[in-house]
Amino acid sequence: MVYTLSGVRFPTVPSVYKSNGFTSSNGDRRNANVSVFLKKHSLSRKILAEKSSYDSESRPSTVAASGKVLVPGTQSDSSSSSTDQFEFTETAPENSPASTDVDSSTMEQASQIKTENGDVEPSRSTEELEFASSLQLQEGGKVEESKTLDTSEETISDESNRIREKGIPPPGLGQKIYEIDPLLTNYRQHLDYRYSQYKKMREAIDKYEGGLEAFSRGYEKMGFTRSDTGITYREWAPGAQSAALIGDFNNWDANADIMTRNEFGVWEIFLPNNVDGSPAIPHGSRVKIRMDTPSGVKDSIPAWINYSLQLPDEIPYNGIYYDPPEEERYIFQHPRPKKPKSLRIYESHIGMSSPEPKINTYVNFRDEVLPRIKKLGYNAVQIMAIQEHSYYASFGYHVTNFFAPSSRFGTPDDLKSLIDKAHELGIVVLMDIVHSHASNNTLDGLNMFDGTDSCYFHSGARGYHWMWDSRLFNYGNWEVLRYLLSNARWWLDEFKFDGFRFDGVTSMMYTHHGLSVGFTGNYEEYFGLATDVDAVVYLMLVNDLIHGLFPDAITIGEDVSGMPAFCIPVQDGGVGFDYRLHMAIADKWIELLKKRDEDWRVGDIVHTLTNRRWLEKCVSYAESHDQALVGDKTIAFWLMDKDMYDFMALDRPSTPLIDRGIALHKMIRLVTMGLGGEGYLNFMGNEFGHPEWIDFPRAEQHLPDGSVIPGNQFSYDKCRRRFDLGDADYLRYHGLQEFDRAMQYLEDKYEFMTSEHQFISRKDEGDRMIVFERGNLVFVFNFHWTNSYSDYRIGCLKPGKYKVVLDSDDPPFGGFGRIDHNAEYFTFVS
């Protein structure tokens, strides 16, 4: 049966265009609005408390008119009786007016409404809030306490020993993908060949290396390894004709420590301990390998180095032998948090995370930024630019030293302390890992490592990415597989990262790298001669490794092509990622923001947000770091432009452009979270509409054609995050930040992103309305540029009484208070 909810008011925002004198009978020249409804089921108990779970330190929140917040119960989709009694409470910030004259405001807004079935318990005291909020109603109505940080009885130090004893499950049949997507049967020959190559590689690794688990511990054999008797150094450099280890420890004497070569091109030397028992290479010493190569004598940083450093007044980096004494090593104290059901990611960059124009540190990020992320309601932090990169302005994507955390921000032990603190706060830590390409730098990186262009990479044109000016790995090479698989294991095991966002996966999977190719969804584009099967097999192997050893680890692939079975488990024939980045959404928003409001099509918005493959999870985002870079614009800057410089203070009048921008900024983010996927991502600072762009310090560049790209005099002014703007309660940025915070806590409470129930009941091009249900919430968005609506009827699945739980027109969120939070909305049979 279908039910109708009536009497709902959806205000609009002032248009930035001049009126033509026409007044609609149902409009008041206000812009769009969003509403979300929550439907609950019959439960034996309800837990209530007096404070919102997203109350602010600077502005305490209370609950609706009744002063109560209803803690959610089961999220099951079982039907509830229409004869049940309903009691609802509203989560609303303090000082929110119960009702405001709709004609006195000007803003595109969003509202959320919930309904709750069952008996109601008397309200609890404020002191009981944290306890009540941690309760979850399980099946059968049993109340259990949720302890997010008590994730395991195993200590974090036990983890490494346990996973060494854990084998990777053997390959499956790889046939389930044909049941999931019958269209794939037309490409069975390609897919079965791909899976057979994966199985052959697994079998070869089992035969020659003792299994994938042992193979992925290459860092225990390659590079520098220390035993009780001394230090062994091994390096794969098949093109080298001779090799020697040089550094501070031997006064850079190339004749002092000559290395020997085996039949596989691996060079080796053993350095016994000094007479006093101390290691031959002191901790913190500079080291390099000198090789006589086909292109001449070359000093290279060891490929497996775990720390590299650029000294003052020097251009090249130096490898650093990093082996601190036991008393100086960081010891992890806190277990990993449980894998979140709903993934809400705060994308971050350590260096630019300070409000001051400088390079920030791991320690400052740990102490200042992590608590902010926790307070904002995100449960995951994704950190960019961890792997060492000699060019800061590459945003960390031109990696030079794959096993070394960037020394710009501190030491490896500083990074470990950051991750441990995040785990203490219940935040999972994802690393933006780059295995799709490597820096073209020959001084500091892997390029021409042994004097040839084919050591770690394809030779010739196939090994060069012309757009990125970088080198491309040869994923069919045995030692390259050892290197990359060990690299993924290294960051998970040594540093306790909880997963990865794999960068540039589209470039990996196709020999054309996705350049000048428009993917239409035709399956011929995915399964043909343009597919790099070696690269796809590597992705299957690394996902196999990660999920086999770390079952709760998260892998996210940056793929714009829409490769089928990308997020299907490897044993079922898929590539094995947990999530795909839904990259088309951000592109769609930028496309729309370049148009007039009248030219937006809500059907186009809905199609883009929901255009994803069945059973394959996506992480959605309205904007990431890509949109914040110099040369592009953030959503806030597209919406408000130069008005942001003069009209964001609350003590001065706003402008129609600011009002419209603030409203749409909130709506765009909420509809993206509501419909776009099973996870959500935000780049740091964008939650409050960070002004301007990101511009790394740089000098001017002289190109071969004679043209010059201007520099910025190495300024850090645009390479920072002005968190102070979002925190200032006298600026309009603060309202945007508070709305984003409320949005995260709403999802944390109701887990709508991972609900199986998603139904779009309205996408009206005339009214510019979008209505959909996700989980137990009903979302209503009014994107009309002039029309507000009252007594608007919408369809809903379940009967009952509904109330607002989140309203973007709320004054604390920069709105005008036109939605009455005391109003109750009843369904009737349509």
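Quick rundown of the values:
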{"read-out": "By average C-beta atoms within 10 angstrom, highest first, the peptides 175-184, 459-468, 737-746", "value": "737-746, 175-184, 459-468"}
{"read-out": "Per residue, in Å², the accessible surface of segment 756-829 once ligands and nucleic acids are set aside, probe 1.4 Å", "value": "33"}
{"read-out": "Protection-proxy order for peptides 429-435, 198-204, each taking the mean of Cβ atoms within 10 Å per residue, highest first", "value": "429-435, 198-204"}
{"read-out": "Simple spin-label estimate for SER715 and ASP599 in nanometres, 7 Å along Cα-Cβ", "value": "3.2"}
{"read-out": "Tensor-based shape of segment 399-477 (alpha-carbon gyration tensor, a/c under 1.5 rounded, otherwise prolate or oblate)", "value": "prolate"}
{"read-out": "P(r) tail fraction, segment 509-621 - alpha-carbon pairs more than 16 Å apart, %", "value": "64"}
{"read-out": "Segment 713-770 versus segment 635-695: alpha-carbon centroid distance in Å", "value": "8"}
{"read-out": "Surface share of carbon and sulfur [accessible, 1.4 angstrom probe, percent] for segment 165-265", "value": "49"}
{"read-out": "Per residue solvent-accessible surface (Å²) - segment 201-322, probe of 1.4 Å", "value": "47"}
{"read-out": "Kirkwood Rh, angstrom, segment 697-830 [1 / mean 1/r, Cα pairs]", "value": "19.0"}
{"read-out": "Over segment 756-829, relative contact order from alpha-carbon pairs under 8 Å, at least 6 apart, %", "value": "20"}
{"read-out": "By average C-beta atoms within 10 angstrom, highest first, the peptides 594-605, 558-569", "value": "558-569, 594-605"}
{"read-out": "Hydrodynamic radius by Kirkwood, which averages 1/r over all alpha carbon pairs of segment 564-603, in angstrom", "value": "12.5"}
{"read-out": "Stokes-Einstein diffusion coefficient of segment 353-466, Kirkwood radius over Cα pairs, 37 °C, 0.692 mPa s, in µm²/s", "value": "210"}
{"read-out": "Of LYS221/LYS339; LYS176/LYS763; LYS166/LYS200; LYS341/LYS375, pairs whose Cα-Cα distance is over 29 Å", "value": "LYS221/LYS339; LYS176/LYS763"}
{"read-out": "Accessible surface of segment 464-556 [probe 1.4 Å, protein heavy atoms]: carbon and sulfur percent", "value": "52"}
{"read-out": "Accessible area in square angstrom per residue, segment 480-535, 1.4 angstrom probe", "value": "27"}
{"read-out": "For segment 289-365, convex hull of alpha carbons as volume per residue, Å³", "value": "226"}
{"read-out": "Kirkwood hydrodynamic radius (C-alpha pairs) into Stokes-Einstein, segment 690-755, 10 °C and 1.306 mPa s, D in µm²/s", "value": "103"}
{"read-out": "Largest to smallest principal axis extent of the C-alpha atoms in segment 756-829, angstrom", "value": "32, 29, 25"}
{"read-out": "Solvent-accessible area, 1.4 Å probe, carbon plus sulfur percent, for segment 756-829", "value": "48"}
{"read-out": "Exposure rank, largest accessible area first [ARG164, ARG612; 1.4 Å]", "value": "ARG164, ARG612"}
{"read-out": "More than 26 angstrom apart: percent of Cα pairs within segment 217-334", "value": "20"}
{"read-out": "Accessible heavy-atom area order of LEU271, LEU529, highest first, probe of 1.4 Å", "value": "LEU529, LEU271"}
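The values are calculated or read from the model by the stated rules, or taken from the named source; none is laboratory data. Model, not experiment: these values are computed from the prediction. All Cβ positions, glycine included, derive from the backbone under ideal geometry; neighbour counts span all protein chains shown. Quick note on the areas: whole protein, heavy atoms, side chains included, nothing else; ligands and nucleic acids left out. Shrake-Rupley method; radii C 1.70, N 1.55, O 1.52, S 1.80 Å.
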